[in-house]
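Throughout, read-outs are computed from the coordinates displayed, never taken from laboratory work. Not measured: the values here are computed from a predicted model. A quick note on method: Cβ atoms are made from the backbone with ideal geometry, for glycine too, and the neighbour counts reach across all protein chains shown.
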Amino acid sequence: LTTEIQLAIDSATLVNKQLIIEKDTYIVNAGITIPSNADIDFGESTIKRESGTGEGDMFDMIVNSDITQGNQNINLKNLIIDGNATGLSPHILLNRFSGLKLSKVSESTLKNITVINTVNGEHRDGEQTENPASGIFFTNGCENIHCSILNAFFNDVTGITIYKSTYITIDSSVTSNNGGSGIGSKDSDHCNFYRIHSYNNGNTSFPAPSDEPPHYSNISINGEYCVVNQVKSYNCTASGLNI
């Protein structure tokens, strides 16, 4: 189904039409790329990674098409992304992948998107040999992205990561049972977090220090001029909210 979905996205974008996808579960065996000016209503469908633990079976599931020059005006809504991570481990670099990865994307919106069951590890300061990834990953200078109802469950390690990106707004979010943080940011200024509910995060075994288990905050914000408002946070292995 990967090819059919990709063709539908490219065709609709080419003629500046919104693509509406019929609600279903779609199994994919390769990544789907999103071009600039794409407007997609997934109709509450699930995009699920085909099961497999061999080399080549892991891939960033949904990514923007131009990670070098960047993409603009991407609008995605009503989607569940299932990484189907049974049998995978964040200890193994090749096992790491993002559910939704936006790199150098600007002037875009996400609405009602949930990512579950990815394996990603922490972003490790962007070191590419570490396969940096997250359930939902904003990286490499994303800017001016407004997200409403952005959720992440059962990802190992972190649910939502913002890395070296600015003016990212997350309004209404639930993150729980992720191995690392529910939401984490690094070197990301001018970001806004409203109506955030995060609990039961931080129970991964990665990385595995010899003397104590790892500690992750439910919400970890690193950046200047950020706003955090209306937060409910409980049950995690480090801080509820770390700024």
The lysines whose Cα lies under 28 Å from the Cα of Lys17, excluding any fewer than 8 residues away in the same chain, are Lys48, Lys77, Lys101, Lys104, Lys111
In sequence order, calculated HN-Hα J values of the range 42-48 (Karplus, 6.51, -1.76, 1.60; Hz; x Gly/Pro): 7, x, 6, 6, 10, 9, 10
Compute the relative contact order of the range 126-243 as a whole-number percentage, counting only Cα pairs closer than 8 Å that sit 6 or more residues apart in sequence. 21
With Cα coordinates, the longest principal axis of the chain makes an angle with the long axis of helix 2-14, in degrees rounded to 10, of 70
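Whole number please: convex hull volume per residue of the Cα set in the chain, in Å³?
It is 109 Å³ per residue.
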What is the distance in Å between the Cα centres of the range 36-91 and the range 180-243? 23
Farthest toward positive dipole pole in the chain [+1 Lys/Arg, -1 Asp/Glu at C-beta], among Ser89, Ile170, Ser65: Ile170
Only Cα pairs under 8 Å and at least 6 apart count here; give the relative contact order of the chain as a rounded whole percent. 12
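Mind putting a number on the dipole of the chain about its Cα centre? Charges go on the C-beta only, +1 for Lys and Arg and -1 for Asp and Glu, and I need it in Debye to the nearest 20.
460
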Debye log10 I(q)/I(0) at q = 0.16 Å⁻¹ for the range 165-242, Cα point scatterers: -0.55
Looking at the square roots a ≥ b ≥ c of the eigenvalues of the Cα gyration tensor of the range 1-83, which shape do they give, rounded for a/c under 1.5, prolate if a/b is larger than b/c, or oblate? oblate
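So, counting K/R as plus one and D/E as minus one, what does the shell of residues with Cβ under 15 Å around Ala30 add up to?
-3
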